[in-house]
1. Which residue is most open to solvent (accessible area, probe 1.4 Å), if the candidates are limited to region 246-282 and must be β-branched (Val, Ile, Thr) and assigned to a loop (DSSP other than H, G, I, E, B)?
2. Checking the condition over 16 Å from VAL248 (Cβ atoms), hydroxyl-bearing (Ser, Thr, Tyr) and buried (at least 18 other Cβ atoms within 10 Å of the Cβ), which residue from TYR313, TYR285 passes?
3. Go through region 205-238 and give me each residue that's of a type outside the set (Lys, Arg), over 30 Å from GLU44 (Cα atoms), open to solvent by 30 Å² or more (accessible area, probe 1.4 Å) and in a loop (DSSP other than H, G, I, E, B).
4. Quick one: in region 140-161, which of the residues that are in contact with a strand residue (DSSP E or B) (Cβ under 6 Å, 6 or more places away or on another chain) and farther than 21 Å from GLY78 by Cα is surrounded by the most Cβ atoms within 10 Å (Cβ to Cβ)?
5. Give me a count of the residues in region 164-174 that are in contact with a Lys or Arg (Cβ under 9 Å, 6 or more places away or on another chain) and open to solvent by 10 Å² or more (accessible area, probe 1.4 Å).
6. Of the residues that make up region 299-321, is at least one among the β-branched types (Val, Ile, Thr) and in contact with a Gly (Cβ under 6 Å, 6 or more places away or on another chain)?
7. What residue, of ALA312, ALA316, is of a type in the set (A, V, I, L, M, F, W, C), over 25 Å from ARG36 (Cβ atoms) and in contact with a Phe, Trp or Tyr (Cβ under 7 Å, 6 or more places away or on another chain)?
8. So ASP67 passes all but one of these: (1) open to solvent by less than 50 Å² (accessible area, probe 1.4 Å); (2) at pLDDT below 95; (3) at positive phi. Which condition number does it fail?
Amino acid sequence: MSDRRIVVTGLGLICALGDGTDKCWSAASNGITGIREVQSVSTEGCYANKGAEVAESSEQLSGEDYDRSSLLCIKAAGEALADAGYTVTADNSDRIGVIVGNCVGGAASIDKYYTDEFKTGSAKPSDILRMPAAAIANNVAKHFGLNGATANIVNACAAGTMSLSYAADLIRAGKADAFVAGGSDSFSSLAFAGFHALHALAADACSPFNHSNGITLGEGAGILIVESYEHAKARGAKIYCEILGSGVSSDAHHITAPRPDGQGQMSAIRRAVKTSGLEFTDIDYINAHGTSTHLNDSCETAAIKTVFGGHAYKLAVSSTKSMTGHLLGGAGGVEGVFTALALHDAFLPATINLQEPDPELDLDYIPNQGRAAQVEYAMSDSLGFGGHNACVVFKRWEG
C-alpha cells in the first residue's frame with residue numbers, strides 16, 4: 001500500500017431535494033425536507049405513506065433501457081465527471097473505474113415485471129436483465145466509456161460508504177488513478193412493502209435522534225470523483241477535500257438488528273481514525289447514519305460516546321436523512337457529498353424535526369437549523385443490515 005494522497009475533485013447528486021448538487025445542498029443547508037406523501041407506489045391500507053422520491057421520471061433521466069437505480073447513478077455520475085473536469089479518452093479510460101454501492105438492485109424492474117405478469121400476462125423478459133444489482137456499475141461504465149476496475153458493493157445500507165473506502169484503497173494500491181464512487185438506490189413497492197412488514201417505517205416523516213420510531217425511505221444517487229492527488233494536480237483539477245482513511249467492519253451478530261453494544265460500529269470508527277493518522281479529538285463533525293429507529297439511534301450514540309469519550313460532547317453530529325430520507329445503498333454516497341461540502345463550504349447541515357430528543361440521546365445533533373462552522377476533519381458513518389459498518393474520514397482542503 002502506497003502513501004498516495006486521495007482527494008475528491010467532483011460531486012454529483014440527485015435525490016428528493018432536487019436534481020443537481022447545488023439544488024440539493026442549498027435545500028439541505030436551509031433545512032428543507034424532500035419527504036412527502038408517496039406518489040410512485042400505492043400506500044392504500046398502509047400505516048405509513050411518506051417517502052423521499054425523486055421528482056423526475058425514469059424517462060426524464062435517460063433514454064437508455066436500464067433500471068431506475070442505474071439511471072439515477074448515471075445522472076449523478078455525469079454531473080460529478082463534468083464538475084471534476086474529467087475528460088475520458090482512449091489514453092486514460094483504463095485508469096478510471098466505477099465502484100458504486102446499492103442495496104435492492106433493480107427493484108423497480110422487479111416491480112414492473114411481476115405487476116405486468118400478474119395483471120396482464122405481458123411481462124417482458126428484457127426486464128429480467130435490468131434486475132441484478134451487478135448491472136449498475138457496468139451500466140455506468142458503459143455509458144461513459146470507463147474501462148478501469150468496476151465493482152458493485154451490495155452490503156446493505158453501508159454500501160455507498162464502503163464504495164468510497166474501496167476506491168481510495170485501490171488508488172493507494174496503484175490499481176487506478178481515479179474512480180466514480182458512491183451509491184444509488186431507487187424507490188420501489190418491493191422495498192416499501194418489506195420495511196412496512198418489518199414495521200420499520202415511520203408513520204410520519206422520520207425524526208432521527210428524536211422520537212426515533214422508524215425510517216422514511218428515499219431514492220437517488222450520490223457520486224464523488226475520487227482520485228490521487230498527483231493525478232488531480234497534473235490535470236489542474238479543483239479539489240473539494242481529502243480522504244484520509246476509512247474503516248469497515250462486521251457486527252457478526254444479526255441479519256437486521258445492530259449489535260447492542262455497538263462493537264462493530266466502534267471497530268469501523270477506530271480503524272478509520274487510525275488509518276487517517278489522527279487522534280479522536282481531531283474529529284470535528286460526524287454525518288451520522290441516523291436512520292430514526294430506536295436501535296440505530298441509541299446504538300450509534302452510545303458508540304460515539306464510548307469511542308470519543310468526553311470529546312463526544314464537543315462533536316457536531318447530524319443526520320441529513322431527516323431531509324433526504326434513507327436511500328439504503330445510496331445513503332453513503334449522498335452523505336459523502338454532503339460531508340465534502342460541509343468541509344468545503346464551512347457549513348454543517350442540521351438534523352431537522354428534532355423537537356423532543358430522548359434523554360439518552362444527548363449529543364449536539366445540530367437541531368433544526370444548520371450552522372456556519374469551519375472544521376478541519378469530518379467523518380461519515382453508515383450502518384447496514386447484516387451488521388455491515390463503514391466509516392470514512394475527510395479533511396478540509398487548504399490548497
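1. As a first pass, look at region 246-282 and keep what is β-branched (Val, Ile, Thr): 248, 255-256, 269, 273, 275, 281.
Filter again for assigned to a loop (DSSP other than H, G, I, E, B), leaving 255-256.
Numbers: ILE255: 122, THR256: 54 Å².
Checking each candidate, the answer is ILE255.
2. Details: TYR313 fails: buried (at least 18 other Cβ atoms within 10 Å of the Cβ).
Answer to the check: TYR285.
3. Taking region 205-238 and keeping what is of a type outside the set (Lys, Arg), we get 205-232, 234, 236-237.
With over 30 Å from GLU44 (Cα atoms) added as a condition, the list becomes 222-232, 234, 236-237.
Next, only the ones that are open to solvent by 30 Å² or more (accessible area, probe 1.4 Å) stay: 229-231, 234, 236.
Scanning region 205-238 gives a single hit, GLY236.
4. Across region 140-161, the extreme among qualifying residues is ALA158.
5. Result for region 164-174: 4.
6. Going residue by residue through region 299-321, those that are among the β-branched types (Val, Ile, Thr) are 301, 304, 306-307, 317, 320.
When the remaining residues are screened for being in contact with a Gly (Cβ under 6 Å, 6 or more places away or on another chain), the result is none.
The answer is no; no qualifying residue exists.
7. Values: ALA312 fails: in contact with a Phe, Trp or Tyr (Cβ under 7 Å, 6 or more places away or on another chain).
Among ALA312, ALA316, only ALA316 is of a type in the set (A, V, I, L, M, F, W, C), over 25 Å from ARG36 (Cβ atoms) and in contact with a Phe, Trp or Tyr (Cβ under 7 Å, 6 or more places away or on another chain).
8. (3)
The values are calculated or read from the model by the stated rules, or taken from the named source; none is laboratory data. Quick caveat, the model's predicted, so the values are computed rather than measured. Cβ coordinates were reconstructed from backbone atoms using ideal geometry, including for glycine residues, and neighbour counts include every protein chain displayed. Side chains included, ligands, DNA and RNA excluded: accessible areas come from the protein's heavy atoms. Shrake-Rupley method; radii C 1.70, N 1.55, O 1.52, S 1.80 Å.
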